[in-house]
Amino acid sequence: MFDDFFIRALVAGIGIAFVTGPLGCFVVWRRLSYFGDTLSHSALLGVTMAYTFDLNIAISVFLISSVIALILIQLQKKTNLPGDALLGLLAHSSLAVGLVVIGFLTFIRFDIMGLLFGDILAVTTDDLLVIWTGGALILIVLKLIWKPLLASTVNYELAEAEGLNPDRAKAIFTILMAAVIAISIKMVGLLLITGMLIIPAAMARNISDSPQKMVLFSIIGGLLSVILGLYSSLEFNTSSGPSIIAAALILFILSLFKIKQSIKLKN
Amino acid sequence: MNSNNNILVKLNNAGFRQSEKWLVEGVSLTVEKGKIVTLIGPNGSGKSTTAKIALGIYKNIEGTVEKYTTKVGYVPQKISIDWTLPIRVYDFMLLTETIEDSAIDEALSLTGVIHLKNKNLGSLSGGEFQRVLIARAISKKPELLVLDEPVQGVDYTGEIALYELIKKISDTLNCGILLISHDLHMVMTATDHVVCLNGHVCCSGSPIDVAKNNEYKALFGEKASQILTTYEHKHDHVHSDEGEIKKN
């Protein structure tokens, strides 16, 4: 019934949703959505590097995003500029440099739209391997740092005082962010990855009363978004990324009705 | 190094400077098992800073901190829960350590908030939240308990009960407590050792010794010390209005 590429896209998208669900919750809790944008914009540089040196896209995006994250941390320590200005500086300059470099790579035919907004046709069986092994690793590491990360999200000093080493958890989380962007870039596109992180999590916030439940609903929301989005992408011949994000938005809007109800119940 | 193995944390001439301004300096104190050490002093005198130095939250400090325990419970002075994080009292109790449900219930009952167990943390009143904070800190049965104004916002009868609880915990768990409090009555009756701060250590000793101290009187007024004594002794310095120390 399905063409082979569609099954591949579906399996890839499901793998991605399992990872963006829990990470997206932390992005919302820690107010990191602009940080996610910065990392994903810098991913364009990673893509050009992959084409130039014939590397795996996910791996080179992961490396470049990690480097950008490190540069950001250094800039935060060494300059007096506010955090959002630094993020904007890095996000747009790395996007610009990436686009300029693409201009020089005349020997390769680029599908810019595919890079920016995702392309389900581009998912290969190798990508599935990267997404599922990478995704499993990300989730295992997140599980290991869950307690210190959550505790320091609630209160940094409490976590530090009671010996949980929040700085280490934060550094590891930054690397996980780079990794999730690396595995989802082909599918969702670099302009929309942050949407995949925060919209299902925002939807989940509306219907959860504990951190664990919010993670669970965020995963379910992501899965539904991927499945609905990909089917409509196939049906209406739209890009995969925007279709998935639009599906996530619809779920978010539906979740608002639940809030209304619970407010009514309280009154 | 630790000759007395009752010592939990020891500050040696410790201080902390933030952008060229000393928040507190030259603090030496020791918290031992089963003892309550109380920090008193006016606003901005470095009480919370001293507690954070003892806890290891501040890293680039002057002097040294020797810490002989990792089982620490902390009630911070101020904590705000972001609306974006849905978290119940129950989840909050498990924040830094996995503990048994029975221990959670016991701690929440001791501080009188067991009925709030499944409530969202953001929906609690100030006093209720303080009780939850104390319950969380004691439920992990710490060796060192650091309480930064633990009863702020708690009603009067609750305040007395909570201080009695703190005293009881120090006895039953044999844990050392570093307490920051404005309640001088509590300080005078339940504390083993008082450190009076005003950017540095003004005076320290047993509650009675401190109450007799002139600097204590200068900081808290005659009334505060009249409870106990009219004894006076000599001082080598006074404080100007700007908080500077002037030698006599």
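The values are calculated or read from the model by the stated rules, or taken from the named source; none is laboratory data. All of these numbers come straight from a predicted model, not from anything done at the bench. Neighbour counts are summed over all protein chains in view; Cβ atoms, including those assigned to glycine, are modelled from backbone coordinates with ideal geometry.
Here's the yes/no breakdown for (1) closer than 26 Å to A:T124 by Cβ; (2) free of Cβ contacts under 8 Å to residues at least 40 places away in the same chain; (3) in contact with a Leu (Cβ under 8 Å, 6 or more places away or on another chain):
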| site | (1), (2), (3) |
| --- | --- |
| A:W29 | no, no, yes |
| A:G46 | yes, no, yes |
| A:F62 | yes, no, no |
| A:L72 | no, yes, yes |
| A:T79 | no, yes, yes |
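If you check A:S239, A:S208, A:S243 for being of a type in the set (S, T, N, Q), surrounded by 18 or more Cβ atoms within 10 Å (Cβ to Cβ) and touching a residue at least 40 places away in the same chain (Cβ under 8 Å), only one passes: A:S239. Within the option set B:E32, B:E62, being surrounded by 15 or more Cβ atoms within 10 Å (Cβ to Cβ) and under 15 Å from the mean Cα position of the chain (by Cα) holds for one residue only, B:E32.
Just one of (1) surrounded by 22 or more Cβ atoms within 10 Å (Cβ to Cβ); (2) in a helix (DSSP H, G or I); (3) modelled with pLDDT under 95; (4) away from every other protein chain (no Cβ under 14 Å) fails for A:S225. It is (3). A residue that is within 16 Å of the chain's Cα centre (by Cα), within 14 Å of another protein chain (Cβ to nearest Cβ) and among the hydrophobic types (A, V, I, L, M, F, W, C) occurs somewhere in segment A:212-219. In this structure, does B:T98 turn out to be buried (at least 20 other Cβ atoms within 10 Å of the Cβ) and modelled with pLDDT under 95? The answer is no for B:T98. A residue that is buried (at least 19 other Cβ atoms within 10 Å of the Cβ) and in contact with a strand residue (DSSP E or B) (Cβ under 8 Å, 6 or more places away or on another chain) can be found somewhere in segment B:118-126.
Conditions tested, residue by residue: (1) among the hydrophobic types (A, V, I, L, M, F, W, C); (2) modelled with pLDDT under 90; (3) over 30 Å from A:R30 (Cα atoms).
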{"site": "A:D84", "(1), (2), (3)": "no, yes, no"}
{"site": "A:I102", "(1), (2), (3)": "yes, yes, yes"}
{"site": "A:D111", "(1), (2), (3)": "no, yes, yes"}
{"site": "A:L116", "(1), (2), (3)": "yes, yes, no"}
{"site": "A:G134", "(1), (2), (3)": "no, no, no"}
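Taking first residues from segment B:1-28 that are at positive phi and surrounded by 14 or more Cβ atoms within 10 Å (Cβ to Cβ) and partners that are aliphatic (A, V, I, L, M) and modelled with pLDDT of 85 or more, the Cβ contacts under 7 Å between residues at least 6 apart in sequence or on separate chains come to B:G26/B:V201. Confirm whether A:A12 is hydrophobic (A, V, I, L, M, F, W, C), assigned to a helix (DSSP H, G or I) and touching an Asp or Glu at 6+ places or on another chain (Cβ under 7 Å). Considered against the rule, which asks whether it is hydrophobic (A, V, I, L, M, F, W, C), assigned to a helix (DSSP H, G or I) and touching an Asp or Glu at 6+ places or on another chain (Cβ under 7 Å), A:A12 comes out as yes. The number of residues in segment B:83-131 being out of contact with any helix residue (DSSP H, G or I) (no Cβ under 7 Å at 6 or more places or on another chain), assigned to a loop (DSSP other than H, G, I, E, B), facing chain A (nearest Cβ under 9 Å) and not hydrophobic (A, V, I, L, M, F, W, C) comes to 2. For segment A:118-129, a tally of residues being more than 19 Å from A:G46 (Cβ to Cβ) and at pLDDT 85 or above returns 2. Filtering segment B:178-216 to residues that are in contact (Cβ under 8 Å) with a residue 60 or more places away in the chain, out of contact with any Asp or Glu (no Cβ under 9 Å at 6 or more places or on another chain), among the small types (G, A, S) and assigned to a helix (DSSP H, G or I) leaves nothing. Scanning segment B:65-86 for residues that are buried (at least 19 other Cβ atoms within 10 Å of the Cβ) and touching a Pro at 6+ places or on another chain (Cβ under 6 Å) yields a total of 3.
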